[in-house]
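Read the figures in this text as sums done on the coordinates, not as results from a lab. Predicted, not measured: the structure shown is a model, and the values here were computed from it. Heads up, the Cβs are rebuilt from the backbone with ideal geometry, glycines too, and the neighbour counts pull from every protein chain shown.
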Amino acid sequence: MSAPRLEIRLDLIESNARSLVDRLERVGIEVCGVTKATLGSPEVAHQMLDAGVTSLGESRIENIERLRRAGIKAEIALIRSPMLSQVDRVVASADVSLNSEIAVIECLSASAERQCRRHCVILMVELGDLREGIMPEDLMEVTRRVLKLPGIKLRGIGANLACQSGVIPDASNMAELSDLATSTEMTLGVELDIISGGNSANLPWALDPETAIGRINHLRLGESILLGREPTRRSLIDGLRSDAVSLIGEVIEVKLKPSEPRGARGQTVSGAVLDRRVGRRESKQVIVALGTQDLDVEGLVAPLGFEIVGVSSDHLVLRTASSALEVGDELRFDVNYSALLRSMTSPFVTRRLLRSELSSPLAC
């Protein structure tokens, strides 16, 4: 079997999505299932939709087009601000886009007019994480201008936290977003359908029974559905599975080697200068055919009994006390969201989609 490879358990993805949909529905929040980490996989999208997500979220127009070619009819949102060079493709394939620049929305409007279509927008508001977003004091004026644009429908407002600066969604910033929604509606006489509070980092706040949800009625969830974790602490969410995705690598060397390097030392391939003093004369070293050209190695979790001690572009070096391992054996690693994203985009990592642990792989 080809290695390295990602093994993706579709049944566990559906289970995670269904659990979150059900729990958030009780507090009036809909789920947009984000498929970007799977490169717009139609199979993953179907699992999310079967679980009850009301829409799909993608950050690349190419992935949205892939979903459309696969026959996905559900509402799809472009969750990264559209590029001016792609507005025609965005209007043609995406139902909704998240926006923070009026110049882009004006171009979306012109494209929608040319294509005889209507395109929906959600205005993103800056709430402290310093990534995309309109400053709160400018929201009213931007909204006024958007409401005048032909071919454009304002669906709501939203925010994104945690991704850039690690700002945690909490009662304060979510109340601010709710207040902005209410003041916008009252001042401009509009009705906002969507108040999108953010991403998987919002879950500790949203699932806390003491939380006052306010106007928030929409979350964009990817990491929590795929990996069962919330991003701010990478902690496992109660009731979810963290093993829906695994990375399998093949062992290419097993040897007993000294524990300390020999010879004068400079920088490694990554630019680091190592000072390895482990207090042992020798240990069993295992090399797996994985490296930084394949994924974000810092996002790997080694199997029990193994310790990652080094990496280069092509070699992942581990230390172990195991005596049973041989060349050609495979090791299974857990991955975080960054490692999943990078490995999915690597041409050297294959993908194996499984309906269950014992099922045959699906084409992908």
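Run the reach check for LYS36 against lysines, Cα to Cα strictly under 18 Å, same-chain hits fewer than 8 apart removed. What comes back?
Partners within reach: LYS73.
Using a Förster distance of 25 angstrom, determine the FRET efficiency expected from the C-beta separation of MET1 and CYS163, and round it to 0.05.
Plugging the Cβ-Cβ distance into 1/(1 + (r/R0)^6) gives 0.10.
Please give the calculated 222 nm ellipticity per residue for the chain, where each DSSP H segment of at least 4 residues contributes -39500 (n - 2.57) and the sum is spread over every residue; nearest 500 deg cm²/dmol?
Mean residue ellipticity, 222 nm, calculated: -8000 deg cm²/dmol.
Mind giving me the nanometre distance, one decimal, between the label points for GLU30 and GLU298, set 7 Å out from Cα along Cα→Cβ?
Taking the two extended label points, one gets 3.7 nm.
How much space per residue, in cubic angstrom, does the convex hull of the C-alpha atoms of the chain take up?
It is 160 Å³ per residue.
Sort the range 245-354 into rounded, prolate or oblate with this rule: let a ≥ b ≥ c be the square roots of the eigenvalues of the Cα gyration tensor; rounded if a/c is under 1.5, and if a/c is not under 1.5, prolate when a/b is larger than b/c, oblate otherwise.
oblate
How high is the relative contact order of the range 299-349, in percent, counting Cα pairs under 8 Å that sit 6 or more residues apart?
With pairs under 8 Å counted, the relative contact order is 42 percent.
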